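Notes to accompany the following structure.
Just so it is clear, none of the values below were taken in a lab; they were calculated from the coordinates. Just so you know, these numbers come straight off a predicted model, no measurement behind them. A quick note on method: Cβ atoms are made from the backbone with ideal geometry, for glycine too, and the neighbour counts reach across all protein chains shown.
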Amino acid sequence: MNSQKKEPSFMSHCPCGSGLDYAACCEPVLSGKQMAKTAEALMRARYTAYQKDAISFLGESLHLSSRHDWDEAATRKWAEESEWLGLEVRSTDKGQEKDDEGTVEFIATYKEDGLLKQHHEFSLFRREGGRWYYVDGKLPAPQTMKRESPKVGRNDPCPCGSGRKYKKCCGA
């Protein structure tokens, strides 16, 4: 379990990485005292909900079109069994107070089963009735790697110049 989940809400930095105190950042959104003003603010509150065990907020902040396959018990289990280490908001596109839609690119870093993991996502948010909702997320497409030199086959001469086959030399 994450020891940060037990921090008092006063005078502690918000887990979302904004640099603000939790009481002035995500706590009012998670408690329902204030609605998220931007898509990014909702993204940050959703990340914080995982760390603060505010799982019901995750369901409430889902867009109606996305609630059909949400599993609260599985989400709670994942949140409790993971150690949430940080959120990096990489970019936002629209999603401001006067917009009705926006995207937030983020990377959430966490430990699960002792392994360090990162969840990189482009999240779509929609504002309806003055309230922001999480619609869905897409993982970034893998980048194509381009070789600078031709691929060496197993039976090709070794590029080191030894005169031996690659598989018997540097490829061994």
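Take Cys169 and tell me if it is surrounded by 12 or more Cβ atoms within 10 Å (Cβ to Cβ) and free of Cβ contacts under 8 Å to residues at least 12 places away in the same chain. Taking the combined requirement at face value, the residue satisfies it.
Against the conditions (1) surrounded by 13 or more Cβ atoms within 10 Å (Cβ to Cβ); (2) within 24 Å of Gly32 (Cβ to Cβ); (3) in contact with a His (Cβ under 9 Å, 6 or more places away or on another chain), Thr92 satisfies every one except (3).
Of everything in segment 18-71 that is in a loop (DSSP other than H, G, I, E, B) and in contact with a Leu (Cβ under 8 Å, 6 or more places away or on another chain), the residue that is surrounded by the fewest Cβ atoms within 10 Å (Cβ to Cβ) is Trp70. In this structure, does Asp71 turn out to be on the phi < 0 side of the Ramachandran plot, free of Cβ contacts under 8 Å to residues at least 40 places away in the same chain and in contact with a His (Cβ under 7 Å, 6 or more places away or on another chain)? No, not satisfied. Is it true that some residue in segment 154-165 is farther than 19 Å from Pro15 by Cα, surrounded by fewer than 17 Cβ atoms within 10 Å (Cβ to Cβ), in contact (Cβ under 8 Å) with a residue 40 or more places away in the chain and out of contact with any helix residue (DSSP H, G or I) (no Cβ under 9 Å at 6 or more places or on another chain)? No - not one qualifying residue is present in segment 154-165.
Taking Gly137, is it surrounded by 10 or more Cβ atoms within 10 Å (Cβ to Cβ), over 32 Å from the mean Cα position of the chain (by Cα) and among the small types (Gly, Ala, Ser)? Outline the logic, then answer.
On the way: surrounded by 10 or more Cβ atoms within 10 Å (Cβ to Cβ): yes; over 32 Å from the mean Cα position of the chain (by Cα): no; among the small types (Gly, Ala, Ser): yes.
So Gly137 does not fit the description; no.
Exactly one residue out of Ala36, Ala74 is among the aliphatic types (A, V, I, L, M) and within 21 Å of Lys138 (Cα to Cα), and it is Ala74.
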